[in-house]
Amino acid sequence: MNEVIGSHDVLLVTLDTLRYDVAAELAAAGGTPTLAGLLPGGRWERRHTPGSFTYAAHAAMLAGFLPTPASPGPHPRLFAGSFPGSETTASGTWTFDAADLPSGLADAGYHTVCVGGVGFFNKLTPLGSALPSLFAESHWEPEFGVADPDSLPNQIDRVASVMDRLPAGRRLFLLLNVGALHQPNWFYLDGATRAHGDTRASHAAALRHVDAHLGRLFDLMRRPCFVIVCSDHGTAYGEDGHTGHRIGHEVVWTVPYGEFVLS
């Protein structure tokens, strides 16, 4: 990462609430061709999230603690704040002397931008402003929120305007929090109604919808661009009696992760 930072833009796409099992099944079945065409080997990496809900997971990721490979470690991190005794800071880790990654990248000359989706990015309350406040520029509109079926296309429209204004010589760090996977997602499944509610099948339908629009996002990015696409946490649809997240269940803690370079 010491060779990437300064020479590449950086894009972090968090597919909020996406389950690993659903993502892996769709990738294997050809249901997400955009992502499968960019992920190494066309497959998601199985990882563990640093937090079981959006705020906790993003606070950790934006401090450099990305989802951890689901295998025995230690696992060197891509980014790390200066911290004596860190066992996951290695020679390839880009380290920063700041409390969070956006501030560290800003110190390295990056323009930092957040385009939010779920409520923790809505800037309507002090809590909803905490994560966006880490960025030099942040955006949220009701049309980006989880209740709008066109939230992702609307967010990508805003990304396009950001890219149009970005000075040619300024590196970019962009966080796009995609809320389309989050509840409610019943409206992405053909034939479903509000009465049917959200299900694992509608979750999968939401991912197919997201994949159909991500190509436009990637086309907007300048080259070279280092891309991380991952979930912040999963969610339960009745497994062992559980519904939702912010719980210590396997379907919540296990998330899909991928990284690649657009060149």
| remark: Cα-based Debye curve of region 1-154 sampled at q = 0.21 Å⁻¹ gives log₁₀ I(q)/I(0) of -1.52
| In degrees, nearest ten, helix 200-220 long axis to first principal axis of the chain (Cα) | 40
| remark: Taking Cα pairs closer than 8 Å and at least 6 residues apart, the relative contact order of the chain in percent is 32
| query | Amide H to amide H, which residues 5 or more places from Y257 or on other chains are under 5 Å from it, using H placed in the peptide plane? | reply | E45, R47
| query | For region 152-263, what is the relative contact order in percent, using Cα pairs closer than 8 Å and at least 6 residues apart in sequence? | reply | 22
| In Hz, Karplus ³J(HN,Hα) per residue of region 154-161 (6.51, -1.76, 1.60; θ = phi - 60°; x = Gly, Pro) | 5, 5, 5, 4, 5, 4, 4, 5
| remark: FRET efficiency for D164 and N2 from the Cβ-Cβ distance with R0 = 35 Å, rounded to 0.05, comes out at 0.70
| remark: In Å, the Kirkwood hydrodynamic radius from C-alpha pairs for region 98-177 sits at 13.0
| field | Excluding exposed DSSP-loop GluC sites (Glu not before Pro) (at most 14 other C-beta within 10 Å), longest clean stretch of the chain | value | 88-263
| said: From the Cα trace of region 36-118, what convex hull volume per residue do you get, rounded to a whole Å³? | reply: 145
| task | Find the Cα radius of gyration of region 205-263, compare it with 2.2 N^0.38 Å by division, and give the number to two decimals. | result | 1.46
| query | ³J(HN,Hα) across region 57-70 via Karplus (A = 6.51, B = -1.76, C = 1.60, θ = phi - 60°), whole Hz, x for Gly/Pro? | reply | 5, 5, 4, 5, 4, 7, 9, x, 9, 6, x, 9, x, 7
| message | At 0.36 nm per residue, and after removing the present C-alpha to C-alpha distance, how many nm does the segment from D107 to A136 gain when stretched out fully? | response | 9.3 nm
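Expressed as cubic angstrom per residue, what is the convex hull volume of the alpha carbon set of the chain?
Per-residue hull volume (Cα only) is 129 Å³.
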| said: Could you work out [θ]222 nm for the chain from helices alone, using -39500 (n - 2.57) per DSSP H run of at least four and dividing by all its residues? Round to the nearest 500 deg cm²/dmol. | reply: -8000 deg cm²/dmol
| A195 to S129: FRET efficiency via 1/(1 + (r/R0)^6), r the Cβ-Cβ distance, R0 30 Å, to the nearest 0.05? | 0.30
| task | Return the long-range amide H neighbours of R171 (sequence gap of 5 or more, or a different chain), with a cut-off of under 5 Å between placed amide H atoms. | result | H111
| request: Quick one: order D211, D219 from most to least accessible surface, probe 1.4 Å. | output: D219, D211
| message | Connecting C-alpha atoms closer than 10 Å in a GNM of the chain, tell me which of S133, S52, S151 has the biggest fluctuation. | response | S133
| Whole-Hz Karplus ³J(HN,Hα) for region 19-33, in order, using 6.51 cos²θ - 1.76 cosθ + 1.60 and θ = phi - 60°, x for Gly and Pro? | 7, 5, 4, 5, 4, 5, 5, 5, 4, 5, 8, x, x, 10, x
| Expressed in whole Å with the largest first, what are the equivalent ellipsoid semi-axes of region 159-263 derived from the C-alpha gyration tensor as the square root of 5 times each eigenvalue? | 32, 17, 11
| task | Give the Rg (one decimal place) followed by the Dmax (whole number) of region 122-161, computed from C-alpha coordinates and expressed in Å. | result | 10.7, 28
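The values are calculated or read from the model by the stated rules, or taken from the named source; none is laboratory data. None of these values were measured; they are calculated from a predicted model. Glycine also receives a Cβ, built like all others from the backbone with ideal geometry; neighbour counts cover every protein chain displayed. These area figures cover heavy atoms from the full protein model, side chains too; ligands, DNA and RNA do not enter into them. Shrake-Rupley method; radii C 1.70, N 1.55, O 1.52, S 1.80 Å.
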